[in-house]
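Undergrad: Dropping a structure here in structure tokens format, bear with me for questions.
The values are calculated or read from the model by the stated rules, or taken from the named source; none is laboratory data. Everything numeric in this text was worked out from a predicted model, so none of it was measured. Here the Cβ positions follow ideal geometry from the backbone for every residue, glycine too, while neighbour counts run over all protein chains shown.
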Amino acid sequence: MRWIALRPSVSVGKQNGDRPMRLDEKTRTELEAAAFRRLLEHLATRCDVQNIDMMNLAGFCRNCLSNWMQEAAQARGVEMTKDSARELVYGMPFAQWKAKYQHDATPAQQAAFEKAHKH
């Protein structure tokens, strides 16, 4: 999301027929927060999707989201532990989610991960 931070005003369509509508930073932040909350809700309904599959296809996973949450908190002087950040993303303590939903990666998943993340 670093590229968005460089764009203080974003065009989101037309207003009055021909002028692009601009979002102020507060509204943009609120929309981003709502979209992020919706992403977390979606992931909560898709516990069948393993983190390794997300990493293989999208290059990020739930753990990445929790790391980004923790980094954002720290950048704003908010103390947040790794465990508390993970609980915000997973919707429960990570150990509980892991025991309930995480499966061992298959050889195919591991091979795809190695191929995708050779750097």
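Undergrad: Scan the range 37-51 residue by residue and report those that are closer than 11 Å to residue 91 by Cβ and among the aliphatic types (A, V, I, L, M).
TA: 40, 43, 44
Undergrad: Of a type outside the set (A, V, I, L, M, F, W, C), surrounded by 13 or more Cβ atoms within 10 Å (Cβ to Cβ) and modelled with pLDDT under 95, is that true of residue 109? Full working, then the answer.
TA: Details: of a type outside the set (A, V, I, L, M, F, W, C): yes; surrounded by 13 or more Cβ atoms within 10 Å (Cβ to Cβ): yes; modelled with pLDDT under 95: yes.
Yes.
Undergrad: Now for a separate question. May I ask you to list the residues in the range 87-119 that are of a type in the set (A, V, I, L, M, F, W, C), part of a helix (DSSP H, G or I) and over 16 Å from residue 50 (Cβ atoms)?
TA: Within the range 87-119, the first condition is being of a type in the set (A, V, I, L, M, F, W, C), and the residues that meet it are 88-89, 92, 94-95, 97, 99, 105, 108, 111-113, 116.
Restricting the remaining residues to those that are part of a helix (DSSP H, G or I) gives 88-89, 94-95, 97, 99, 108, 111-113, 116.
Those that are of a type in the set (A, V, I, L, M, F, W, C), part of a helix (DSSP H, G or I) and over 16 Å from residue 50 (Cβ atoms): 88, 95.
Undergrad: Of everything in the range 62-97, what is farther than 20 Å from residue 41 by Cβ and among the basic types (Lys, Arg)? Give them in sequence order.
TA: Selection gives 76, 82.
Undergrad: Return yes when residue 58 is surrounded by fewer than 11 Cβ atoms within 10 Å (Cβ to Cβ), modelled with pLDDT under 95 and under 17 Å from the mean Cα position of the chain (by Cα) and no when it is not.
TA: Details: surrounded by fewer than 11 Cβ atoms within 10 Å (Cβ to Cβ): yes; modelled with pLDDT under 95: yes; under 17 Å from the mean Cα position of the chain (by Cα): yes.
Criteria met by residue 58.
Undergrad: Look through 43, 31 and report the one residue that is in contact with a helix residue (DSSP H, G or I) (Cβ under 9 Å, 6 or more places away or on another chain), at pLDDT 95 or above and assigned to a helix (DSSP H, G or I).
TA: Selected residue: 43, the only one of 43, 31 that is in contact with a helix residue (DSSP H, G or I) (Cβ under 9 Å, 6 or more places away or on another chain), at pLDDT 95 or above and assigned to a helix (DSSP H, G or I).
Undergrad: Condition test on residue 80, is it surrounded by 15 or more Cβ atoms within 10 Å (Cβ to Cβ), at pLDDT 95 or above, of a type outside the set (S, T, N, Q) and not in a helix (DSSP H, G or I)? I'd like the intermediate steps shown before the answer.
TA: Values: surrounded by 15 or more Cβ atoms within 10 Å (Cβ to Cβ): yes; at pLDDT 95 or above: yes; of a type outside the set (S, T, N, Q): yes; not in a helix (DSSP H, G or I): yes.
So residue 80 fits the description; yes.
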